[in-house]
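Reviewing the structure listed below.
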Amino acid sequence: MQRIYLSDIEGKPSLCFDTGLDPRSFARTKMSQSMIEPGYIVYPDGSHEEWKASGVSEINGSMKVWGPSFAGKRLDLLINETDSPEQQAEALQAAVFWIRAKMLFGETDSALNPAAAFVCLADESKYPKGSVFFAPENLSHRCLLLEGSGKIDNFNSPDLKGMDAAAFCTGSMLYKILSKSFPFPHDKTIFQDMREGLFLLPHLAVPGLDKELCNLIKLAIQLPCLKEQVYFSKHAPENKTALRSGTDIIGNLLNLLMDKENNIVSVSSLINELSEEERMLLEKEKKHFLLKQKTLTKTKYYAMTNKRALIGAAVGLLFVIFVTASTIKSFSERPTTAGMEPDTVITVYYDAFSSLDHMLMEACIKGASKTDINAAASFFAIYKTRQVYEPSDSITIIPAKTWLDEGGTLPAPNVFGVTGLSVRYITGSYEDNMIIYRAEYLLWALDSDYSVRRIDTLTLKRDRKDNWRITEILRDER
């Protein structure tokens, strides 16, 4: 049952939004506020006007919000009905009008679900051909949830916003129109499939489809996957073009789908004739791709069902590897303070503390309290362990100097390290092999929004190898 449709209300053609609520529920959920939420009508020349609801009426026990009519067809119905070449051409035309309208409209909020858009496919007295109606976002969302009975929206990713979300929707619509199937047809795993990029590539779904169009559709549909990669990886993907913005993707798609006279190209012009040999190669590639994807899906399912056992084994293995590697490294690459001046040793000590390099801190100490070293080692171990269990930005430790250089916004619960270090000579000499310094600094500790001021009095002496090392730390903390 459609909840967004054209109808006659109070004897006037109207756009109707059936909320499915009785009068009492309508008042309790404050749906009356939807009366002030605007929709938008975007014209082919880029101008637009707001659409506002005219009233609300109880019809057959259900409260329906209605407003001025719009001479057009619902975009999702056109996209879902592409059995014949005529329907496919009409759907492509409607989708291109929607893409152009969204491109002209820009970042302004508008409902991205094609079911919440109406497209004018012929010149009318009030609306020229190519005009697009974007329904009020919250009101249409309510109606579509009821209409779909919980069915997943195949055209939108929950991980994208703005023009990236519009580009993904564009790619999904074109994929459906040209291949007659959705890129992510499995409702139960659809969002995970989006994040992992598990879909049949356009050139395999539509043999002979224009290569540049294939690439743009693929980039659009891969946006959730690429965002995930960039988010969790220290290095950007090798394919730099994959990081182009949603606006770039939509703009390039429009250039392909419209000619110089702004006419929409035919579906047949987008699909090239293939030789029998080319078809056989594509079919072979498709089978190999589907087999690989099926194997990957099975592996993922096995990993999910045996998650605890695999995590336990991985943690154990990682711990053994970490301990072994740390032990070997500590003997083969043990740092020293050779060649350092006393004040340099102090600076290196606090820098190592900020970077949780407890081994370098050990090299700076001889006989002094190891409180700082134990703290750095503990934070380092906790950080590495949490990286295994919680691979997200919530475990990121931000170096205090980096945080300060980027503006130093408070509060700072994930910031750790020393800032504002000032080292001042107090007494001692090289001849006596003992020098005393005073170090003043701010310490930013994890899970604390603000810093602590410390004043340390440090005594340095030469060791057997004639290297300066810290032998005593007297601390005053405020």
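See the values below:
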| read-out | value |
| --- | --- |
| Cross-link pairs K129/K176; K176/K307; K30/K188; K218/K384 - those with Cα-Cα distance over 30 Å | K176/K307; K30/K188; K218/K384 |
| Extension gain, T347 back to D22 (0.36 nm per residue minus Cα-Cα distance, nm) | 109.9 nm |
| Net lengthening on full extension, I36/S326 (0.36 nm per residue, minus Cα-Cα) | 98.1 nm |
| Pair-distance profile P(r), taking every C-alpha pair of the range 336-477, with 5 angstrom steps and integer % | 2, 10, 18, 22, 18, 13, 9, 5, 2, 1, 0 |
| Packing-based exposure ordering (other Cβ within 10 Å, fewest first) of F319, F133 | F319, F133 |
| Proxy reagent accessibility, fewest Cβ within 10 Å first, across C120, C364, C16 | C16, C120, C364 |
| Pairwise FRET efficiency - T457 versus E431, Cβ, R0 = 30 Å, nearest 0.05 | 0.90 |
| Candidate aspartates and glutamates - alpha carbon under 16 Å from K102, same-chain residues fewer than 8 apart omitted | D45, E49, E50, D76, E137, D164, D248 |
| Inter-probe distance in nm under a simple model that places probes 7 Å from Cα toward Cβ, at H288 and S448 | 5.9 |
| Rounded tilt (10° steps) of 211-221 against the dominant C-alpha axis of the chain | 70 |
| For the range 6-138, share of DSSP beta bridges that run antiparallel, in % to the nearest 5 | 100 |
| Nearest 10 degrees, 0 to 90: helix 276-305 Cα axis against the chain principal axis | 50 |
| Dipole moment magnitude, nearest 20 debye, the range 319-478 about Cα centre, only Lys, Arg, Asp, Glu C-beta charged | 440 |
| Note, ³J(HN,Hα) from phi for the range 121-126, Karplus 6.51, -1.76, 1.60, rounded to Hz, x at Gly and Pro | 9, 8, 5, 10, 4, 9 |
| Sequence of L75, L442 once ranked by neighbouring C-beta atoms within 10 Å, starting from the fewest | L442, L75 |
| Table column - 3J(HN,Hα) (Hz), the range 419-426, Karplus curve with 6.51, -1.76, 1.60, x for Gly and Pro | 10, x, 5, 10, 10, 10, 5, 10 |
| The chain: Rg to Rh, with Rh as the Kirkwood radius over Cα pairs | 1.14 |
| Acute angle (nearest 10 degrees) that the helix 85-105 long axis makes with the longest principal axis of the chain, alpha-carbon atoms | 50 |
| The chain: calculated mean residue ellipticity at 222 nm from DSSP helix runs of at least 4, using -39500 (n - 2.57) | -14000 deg cm²/dmol |
| Trypsin sites (Lys or Arg not before Pro) restricted to the range 358-466 and DSSP loop, no more than 14 other C-beta within 10 Å | R464, K465 |
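A short reminder: the numbers here are calculations on the coordinates, not readings from a lab. Computed from a predicted structure; not experimentally measured. We place every Cβ from the backbone using ideal geometry, glycine too, and count neighbours over all the protein chains shown.
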